[in-house]
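The block underneath contains the structure these notes are about, expressed in structure tokens.
The values are calculated or read from the model by the stated rules, or taken from the named source; none is laboratory data. If you're wondering where the values come from, they're calculated on a predicted model, not measured in any experiment. In this analysis, Cβ positions are derived from the backbone assuming ideal geometry, glycine residues included, and neighbour counts consider all displayed protein chains. Heavy atoms of the whole protein, side chains included, go into the accessibility calculation; ligands, DNA and RNA do not. Shrake-Rupley method; radii C 1.70, N 1.55, O 1.52, S 1.80 Å.
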Amino acid sequence: MTIRLVMVGPELPSGMGGLRHTIHLSNERELIVEMRQESCGDDMELLAGSQVLCALNAGLPAYHAWEKGLRAIKKSGFAGVFLVTDLVEEALFLSRQALVRVFGDTVGKVNINGFRRPDA
């Protein structure tokens, strides 16, 4: 089994784009980590065979570049899980609105991370 983690970001520090590291976990398992410098939506071949997309602390409502990427993801026919996180609760609700504009009513509800609220 191979797990491939591709981190894409147009603002990676110079020299980091194109880095690739393979970690052999056992005879039958490996983890491949790649760093790419494409902008959102530039290379949808990255989605081929993907089952999960993660946009960690993405700031969807704050960065207009995401719109192009989201539309490209929809156009690609990606049928897996798309997980979006953000730093503050309000940003999650705004992110959901951005996702609904592109993906329609297939977008799930916002779930707040209970670990940041010990009293929850």
Residue hits (region 78-102; without any contact (Cβ under 8 Å) to a residue 24 or more places away in the chain, open to solvent by less than 90 Å² (accessible area, probe 1.4 Å) and among the acidic types (Asp, Glu)) are GLU89
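A quick yes/no check of all residues on (1) in a strand (DSSP E or B); (2) more than 17 Å from LEU5 (Cα to Cα); (3) within 14 Å of the chain's Cα centre (by Cα); (4) at pLDDT below 85:
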{"residue": "ILE23", "(1), (2), (3), (4)": "yes, no, no, no"}
{"residue": "SER26", "(1), (2), (3), (4)": "no, yes, no, no"}
{"residue": "ASN57", "(1), (2), (3), (4)": "no, no, yes, yes"}
{"residue": "ALA62", "(1), (2), (3), (4)": "no, yes, no, no"}
In region 78-113, what count of residues is obtained for those that are under 23 Å from GLU45 (Cβ atoms) and in a loop (DSSP other than H, G, I, E, B)?
3
Single condition LYS75 does not satisfy, out of (1) more than 22 Å from GLY49 (Cα to Cα); (2) part of a helix (DSSP H, G or I); (3) open to solvent by 50 Å² or more (accessible area, probe 1.4 Å):
(1)
